[in-house]
Structure formats: C-alpha cells, structure tokens
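Chemist: Attaching a single structure in structure tokens format; questions to follow.
The values are calculated or read from the model by the stated rules, or taken from the named source; none is laboratory data. Not measured: the values here are computed from a predicted model. Please note: Cβ atoms are built from the backbone with ideal geometry, for glycine as well, and neighbour counts cover all protein chains shown. To get the accessible areas, we keep the full protein, side chains included, count just its heavy atoms, and leave off ligands, DNA and RNA. Shrake-Rupley method; radii C 1.70, N 1.55, O 1.52, S 1.80 Å.
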Amino acid sequence: MNLKKQWLVWHNKLGWYALAGILVWALSGISHPMMAWFGPKAAKFFPPSVSLQAEDLGNLPQLLADESRVQGARVVKVVPSRNGPLLQVTESETAPRNYYGLSDGREIVEGDLAQARWLAGYYSGRSDEQIADVQLQTQFDNAYPSVNRLLPVYRIEYAGDDGLTLFVHTETAALASITNNSKSFMQGIFRQLHTFAWLDGLEYGRLVLIGLLMLTLFAFAATGIALVFALRPPKGKSRKIKDGKRRYHRWLGYALWLPLLGWSASGFYHLLQQSLVEPVQGLRLGEVGEFRNLNADFNWVNQLDGRAINSLSLISGAGDEPLYRVGFAPQKSSAPGSRNQRFDGRPSEAGALFVNARTGELLQTFADREQAQLLAGRIGDIEPQDIADMQLVTRYGPGYDFRNKRLPVWQVTVADTDKTTLFVDPATGVLVDQSRGIDRAERLSFSLLHKWSHLTPLTGRQGRDLLIVFTLLLLLLSSAIGGVMLAKRKKRGAKAQPQPAAAGSIGAVATQ
C-alpha cells in the first residue's frame with residue numbers, strides 16, 4: 001500500500017473518534033467566550049479608595065503595639081470600609097481577617113463578613129438588603145473553579161431570578177469572580193465537557209482519555225491535510241469535484257487544518273504539564289516585622305493633599321525596619337470603560353509612597369523596585385547578584401495572567417538553573433506567583449496556539465473571541481459534512497478500496 005493510501009486509510013479509521021472529540025470540545029469551547037459575552041457585568045472595576053487625614057492615624061502606633069491584635073500577622077494594612085478606614089490584619093491564608101477601629105482600637109465583630117458585604121454592594125451596585133445568603137468559601141467548586149486561585153473568598157448571593165453571585169476576596173478588596181444562573185450553567189458545560197471535570201477523582205484516567213482524544217485529533221488533522229496536498233491533479237490539469245459535500249469539505253480542510261493542529265497539540269501539552277509536572281507554590285503571604293516604638297507623628301499625611309489611596313500597609317524594609325507604604329488610587333478619568341479591564345489588566349495603583357514608621361521620615365530614594373528586590377531575597381533566599389532582571393508588570397499576559405487578580409506587581413528573574421521568575425507585590429510583601437522555564441514554555445504554547453492571544457493587539461479581545469467561535473462553527477460544519485459522507489459510505493457497505501472523501505471533519509478530497 002503506498003503512502004497516500006495509508007493516509008487515507010488512517011484518516012477514515014480515525015473519522016468517528018475525531019468527530020466525537022470535535023463535537024465535545026468545539027461545542028464546549030464556544031461556551032467559554034459566551035460566559036464573557038453574556039455573563040453579568042460588574043458596576044465598578046477598580047477597588048474602593050479612601051482619603052486619609054493625619055488625625056485618622058494618631059492611634060495607629062498604639063494599636064500596632066498591642067501584640068494581642070497583630071502578633072503573628074502576615075499582612076497588616078489600613079483599608080477603606082463602609083464606615084471609613086479600618087486596620088485589617090491577616091493572620092493566615094485561610095482564616096477570616098480581623099478589623100479594628102483606628103480611633104479606639106475596638107475590634108469589629110464579624111468585620112470580615114461586613115467588609116465582604118460592603119465590597120459586594122460596591123461591585124454589584126445592589127443594596128445590602130438584596131443579599132440573600134453569604135458563605136465563607138475555602139474550597140473551589142463548579143461555580144468558583146480553581147482557575148480563580150484566590151481563597152478564602154466570600155460567596156454572596158443576591159435575591160432575584162438571575163441568581164447573581166459575587167465572590168469577594170477581602171484582603172485585596174478584589175472581585176474574584178461574578179456569575180449568575182446562565183453563566184454557572186455554561187461554566188458547568190465547559191468544565192464537564194472541555195476539561196472532563198467529572199474525572200477529577202481519577203486523574204490518570206482523565207489523562208489517558210483526554211490524551212488519546214487529543215492525539216486522535218492531531219493525527220486526524222495531519223492525515224487530512226496530507227491528503228489535501230498529496231492528492232492533487234497533475235500539473236496543468238484541473239479536476240472538478242461534482243459532489244458538493246466533498247467539494248465543500250475540501251475547501252474547509254484548507255482553512256481548518258492548522259487551527260485543529262494547534263488546538264490539539266497545545267491541549268495535549270497543557271494536559272501533560274498540568275497532570276505530570278509538579279507545580280511550584282503560587283500565592284504565599286509574607287512576613288511583617290516589629291511593631292513597637294512606632295512614631296505617632298503623621299504630619300506627612302498632609303503632604304498627600306487629600307489624594308485618594310487604596311491602602312496603607314505596614315511592611316518590613318531593609319534591616320527589618322518597619323515602613324508604611326501608601327498606595328495611591330488611580331484617577332477616575334483613567335478607569336476602563338469595559339469589563340476587558342479584568343482580562344487585560346490595568347494597575348489598581350498610580351504610584352506609592354514609603355515612610356519610615358519609626359521616624360515619620362518620607363523615603364525619597366526608596367521605591368517599589370527596592371522593596372521588590374528585598375522581598376525576592378527573603379522569599380527566594382537569593383542574593384542581589386543572583387537577580388538577572390526586574391520589571392514592573394502593569395498588564396496581564398501569558399507569563400502573568402488575570403487569574404492572579406493583582407496589578408501592578410514586580411517580576412523578578414533569578415539567574416538559576418530553573419530560570420525561576422518571582423512575581424511579588426510590594427504593597428503587602430506577598431509572593432503572588434512564580435514560574436520556571438518549563439512552566440513559561442507551556443503557558444506560551446497555550447496562549448498562542450489555544451487561546452490565540454497574539455491576535456488580541458490586532459483584533460481586540462472580543463474580535464479574537466469572535467474569530468475563534470467562527471472557526472469552531474466552521475469546524476462543526478465540516479465535521480457534520482464528513483460524518484454524513486462517512487455514514488453513507490458505511491451504508492453502501494463498500495468492500496473495495498475507499499474513496500478519499502470518506503472522512504470526518506477536514507481534509508478529505510476526491511481522487512476522481
């Protein structure tokens with residue numbers, strides 16, 4: 001049997017399996033952009049801000065010196081709330097946060113719950129009276145899958161037929177996710193049919209099943225395009241394919257072989273990476289230093305000229321010297337006009353100011369870059385000479401995407417064998433994410449070949465999604481045509497050599 005006939009035989013043998021895989025993944029893939037198009041929209045995109053006066057902070061040193069409130073704290077900062085600025089203390093990655101009044105040091109009973117309800121109203125635009133249920137969520141589920149990363153969050157459900165539900169992360173004052181009945185339904189379809197979440201308890205079974213289907217699609221696309229280019233008429237001659245189904249099937253094959261190869265190859269690579277490569281630890285809270293003997297003079301606040309801030313955090317500088325870091329809120333005129341801010345990312349800050357907490361002195365020569373370098377040294381146990389590069393990240397991309405929910409952050413590249421990259425948040429001393437060379441290679445493959453992110457600068461996010469959906473619809477059309485042809489061929493019960501047009505979704509051509 002010659003090579004062309006072997007391609008044809010294998011293309012036909014793989015036809016029904018490929019058709020099943022395409023139906024499952026194309027239909028579920030279409031549901032992903034539909035969640036963004038038709039899902040609920042937040043009323044606001046930037047976190048809330050507050051303006052501080054010097055008198056607001058007068059009791060802060062005494063409050064911080066009380067070890068019963070801040071001992072063992074991982075993140076300490078002054079944050080906006082419904083009733084003005086409060087001291088927020090985070091003790092662990094899983095426990096609710098504690099809140100204290102700045103004027104009297106009084107602990108706010110169920111302060112984290114109250115903060116979550118207020119943030120939900122801020123982002124949803126709905127009143128507190130419309131809240132039907134609030135739950136602290138410490139695990140991921142179908143409505144709030146692991147792609148969101150942040151835990152714990154408060155799940156806040158609103159009354160009404162739409163089932164509007166917000167997931168709020170109080171430490172970052174972030175809207176971690178927003179959904180309703182229709183989005184939850186589409187998300188369920190995507191997780192069950194696209195990632196086979198129904199096999200989460202049997203990871204190796206999931207790996208084998210999806211892996212075989214991905215390899216089938218790859219081989220199917222490869223043999224299909226081989227037939228398209230191999231079975232050409234002799235030079236100088238033309239051949240008219242009279243059967244319309246076969247002719248359209250061939251035309252679609254030219255357009256669809258490359259997307260199908262890219263989707264199947266990157267999907268298989270992504271599957272192997274997620275299942276077999278041990279991930280590095282992502283989000284990790286930092287450490288704060290000594291709180292005693294802090295300066296009670298906050299006249300430096302007057303130099304802020306009433307400028308709105310996101311938060312005032314207590315962090316450890318060089319030599320564990322306590323510092324106040326003031327993060328300025330962006331101007332309202334710079335706020336994005338669409339929900340794409342969540343995916344494209346815009347910094348939630350417009351600069352920062354550092355103050356020595358013991359002396360009250362403004363640090364003119366110390367900035368986020370220096371703090372990020374200190375954090376990288378503490379978190380990664382590395383020396384300054386081991387840092388190969390540092391960059392401020394103000395937009396999401398393949399290496400640092402929207403799932404992290406924090407911008408801006410500093411990207412610190414380490415000169416080690418794993419080519420480690422750390423992403424640190426100087427506002428709170430948090431390690432937001434980290435990656436190795438092997439992780440970035442897979443992320444780049446998935447971003448370019450699976451999500452087509454390289455088209456976003458040219459078409460915009462919505463234009464890119466429309467192009468992907470259009471391509472998936474063409475793939476489904478081609479699959480339907482191929483399925484009809486394959487079914488007719490089987491019905492005829494042909495025992496002779498198969499005709500070239502008897503395949504599934506792409507690539508089959510006629511020899512006559």
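Chemist: Which length gain, in nm to one decimal place, applies between Lys488 and Asp305 when the Cα-Cα distance is subtracted from 0.36 nm times their residue separation?
Modeler: Numbers: separation 183, 0.36 × 183 = 65.88 nm, distance 7.81 nm.
The Lys488-Asp305 span can extend by a further 58.1 nm.
Chemist: Can I ask one more? Given the DSSP H assignment, sum -39500 (n - 2.57) over each helix run of at least 4 residues in the chain and divide by its residue total; what's the result at 222 nm in deg cm²/dmol, nearest 500?
Modeler: Values: 12 runs with 197 residues, N = 512.
So the helix-based figure for the chain works out to -13000 deg cm²/dmol.
Chemist: Further question on the same structure: Expressed as a whole percentage, what fraction of the accessible surface of the chain belongs to carbon and sulfur atoms when a 1.4 Å probe is rolled over the protein heavy atoms?
Modeler: Numbers: 13420 of 24150 Å².
Carbon and sulfur together cover 56 percent of it.
Chemist: When ligands, DNA and RNA are left out and all protein chains stay put, how many square angstrom of accessible area per residue does the chain have with a 1.4 Å probe? Could the numbers behind the result be given before it?
Modeler: Working: 24150 Å² over 512 residues.
In whole numbers, the chain has 47 Å² accessible per residue.
Chemist: When we measure straight from the Cα of Lys41, which aspartates and glutamates land under 19 angstrom away, once same-chain ones fewer than 8 places off are left out?
Modeler: Straight-line reach from Lys41, under 19 Å: Asp128, Glu157, Asp161, Asp162, Asp344, Asp465.
Chemist: Heavy-atom accessible area of Glu67 with all protein chains present, probe 1.4 Å, nearest 10 Å²?
Modeler: Accessible area, nearest 10 Å²: 80 Å².
Chemist: Can you find, among Leu102, Phe167, Gly121, the residue farthest towards the positive end of the dipole of segment 94-190? Put +1 on the C-beta of Lys and Arg, -1 on that of Asp and Glu.
Modeler: Checked the options; the winner is Phe167.
Chemist: Say R0 is 35 Å: what FRET efficiency, to the nearest 0.05, do Arg82 and Gln274 get from their beta-carbon distance? Mind showing how you got there, number by number?
Modeler: On the way: r = 40 Å, r/R0 = 1.15.
Taking R0 as 35 Å, the efficiency between Arg82 and Gln274 is 0.30.
Chemist: Let me ask something else about it. Simple spin-label model, 7 Å along Cα-to-Cβ: Glu129 to Arg440 in nm?
Modeler: Roughly 5.4 nm, to one decimal.
Chemist: Using the Kyte-Doolittle scale, find the helices of the chain whose mean hydropathy is at least 0.5 and whose Cα atoms extend 27 Å or more along the helix's long axis, counting only whole DSSP H runs.
Modeler: Those that clear 27 Å and a mean of 0.5 are 15-38, 203-230, 456-492.
Chemist: Pop the C-beta distance of Leu477 and Leu202 into the FRET formula with R0 = 25 Å and round what comes out to the nearest 0.05. Could you put the intermediate results ahead of the total?
Modeler: On the way: r = 34 Å, r/R0 = 1.35.
E between Leu477 and Leu202, to the nearest 0.05, is 0.15.
Chemist: So for segment 32-124, averaging the separation of alpha carbon pairs under 8 Å that are six or more residues apart and normalising by length, what relative contact order in percent results?
Modeler: Working: 104 pairs, mean separation 24.2, N = 93.
Contact order relative to length: 26 percent.
Chemist: Just want to confirm a number: the relative contact order over segment 125-189, from Cα pairs under 8 angstrom separated by 6+ residues, in percent. Intermediate results must be reported in sequence, preceding the final value.
Modeler: Working: 101 pairs, mean separation 18.0, N = 65.
Rounded, it is 28 percent for segment 125-189.
Chemist: Taking R0 as 22 Å, what FRET efficiency do you get between Asp141 and Glu93 from their Cβ-Cβ distance, rounded to the nearest 0.05? Can you show the working numbers first?
Modeler: Details: r = 18 Å, r/R0 = 0.82.
So the FRET efficiency works out to roughly 0.75.
Chemist: Here's another thing I want to ask about it. Among the listed pairs Lys245/Lys451; Lys13/Lys488; Lys13/Lys490; Lys13/Lys451; Lys5/Lys451; Lys245/Lys488, give every one whose C-alpha distance is greater than 23 Å. Please list the in-between numbers first.
Modeler: Details: Lys245/Lys451 30 Å; Lys13/Lys488 15 Å; Lys13/Lys490 12 Å; Lys13/Lys451 29 Å; Lys5/Lys451 34 Å; Lys245/Lys488 12 Å.
Going by Cα-Cα distance, Lys245/Lys451; Lys13/Lys451; Lys5/Lys451 fall outside the 23 Å limit.
Chemist: Something else about it: Modelling each spin label as a point 7 Å along the Cα-to-Cβ direction, I'd like the Leu467/Ser103 distance in nm, to one decimal.
Modeler: Those two pseudo-labels are separated by 5.7 nm.
Chemist: A further question follows. Starting from 0.36 nm per residue, how many nanometres of slack lie between Ala367 and Ala159 once their C-alpha separation is accounted for?
Modeler: Numbers: separation 208, 0.36 × 208 = 74.88 nm, distance 4.54 nm.
Gain in length upon complete extension: 70.3 nm.
Chemist: Stretched out fully, how many nm does the piece from Thr417 to Glu290 gain, at 0.36 nm a residue minus the Cα gap? Mind dumping the intermediate values first?
Modeler: On the way: separation 127, 0.36 × 127 = 45.72 nm, distance 3.51 nm.
Between Thr417 and Glu290, full extension yields an extra 42.2 nm.
Chemist: Which whole-number percentage describes the relative contact order of the chain, with Cα contacts under 8 Å and a sequence gap of 6 or more?
Modeler: Working: 907 pairs, mean separation 101.5, N = 512.
So the answer I get is 20 percent.
Chemist: For the chain, go through all pairs of different Cα atoms, get the mean of 1/r, take its inverse, and jot down that Kirkwood value in Å.
Modeler: The answer is 25.9 Å.
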